[in-house]
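Structure record follows, encoded as structure tokens.
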């Protein structure tokens, strides 16, 4: 990971959450770490997008994140902040394919992607630890995302992400 992609170099507009289009991403892993679901949370609105993946490799993450993010308007996909997991070693391809910036959080600093970590905790209500995530369809993930996106959030003044 190049030095210039560290989170400390992330622009002020990403940090302040004043402008939509900046995302936090991660994977949640299923049974025996063999199955994964990609999670994306928009920093300003807390809008959730879930990505079905065939596995937990960098190629799987690239395909899953690209497929789901391409469904968003280009103006709503400006940047992605991610941890330093090996599943995003294809970050250059993601940057080029989606025309976005990618920023990497510091090691062992989950609070730098706090919205995503909180969302992953909420997601476990639907997809408990140890579940085989390879059997989960994109349609079911879309249903879960809809439920999460229509849930009022205290941080949004009890509004929902689409509001």
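Some notes on this structure:
- Within the chain, helix-based [θ] at 222 nm, where runs of 4 or more DSSP H residues each add -39,500 (n - 2.57), nearest 500: -8500 deg cm²/dmol
- Sequence-separation-based contact order of the range 3-156, relative, with Cα cut under 8 Å and 6+ spacing, percent: 27 percent
- FRET efficiency for the residue 134 to residue 66 pair, using the beta carbon distance and R₀ = 25 Å, is estimated at 0.80.
- Candidates 44, 70, 29: whichever shows maximal mean-square fluctuation once the chain is modelled as a Gaussian network with Cα springs under 10 Å: 70
- Rounded to two decimals, the Cα-based Rg/Rh of the range 3-156, with Kirkwood Rh, is 0.93.
- Residue exposure sequence - 4, 93 - by fewest surrounding Cβ within 10 Å: 4, 93
- Fully extending the segment from residue 93 to residue 156 would add 19.4 nm, taking 0.36 nm per residue of separation and subtracting the current Cα-Cα distance.
- Distance between the C-alpha centres of the range 73-100 and the range 7-39: 9 Å, rounded to the whole angstrom.
- The mean sequence distance of close C-alpha pairs (under 8 Å, at least 6 residues apart), as a share of the length of the range 18-90, puts its relative contact order at 34 percent.
- GNM top mover of 51, 90, 36 - the chain, alpha-carbon springs below 10 Å: 90
- Shape analysis of the range 73-136 yields a ratio of the Cα radius of gyration to the Kirkwood radius, Rg/Rh, of 1.02.
- For 82, 91, order by how many other beta-carbon atoms lie within 10 Å, fewest first: 91, 82
- Net length available on complete extension from residue 4 to residue 117 is 38.3 nm, with 0.36 nm assigned per residue and the Cα-Cα distance removed.
- Cα shape, the range 28-109, gyration tensor, a/c 1.5 rule: rounded
- Of all DSSP-defined beta bridges confined to the chain, some 60% are antiparallel rather than parallel.
- Taking the chain as a Gaussian network of alpha-carbon nodes connected by springs under 10 Å, the highest mean-square fluctuation of the residues 151, 43, 84 belongs to 151.
FYI, it's all coordinate maths here, none of it is from the lab. Just so it is clear, the structure is predicted and the values come from calculations on it, not from any experiment. As a convention, Cβ positions derive from the backbone with ideal geometry for all residues, glycine included, and neighbour counts pool all protein chains shown.
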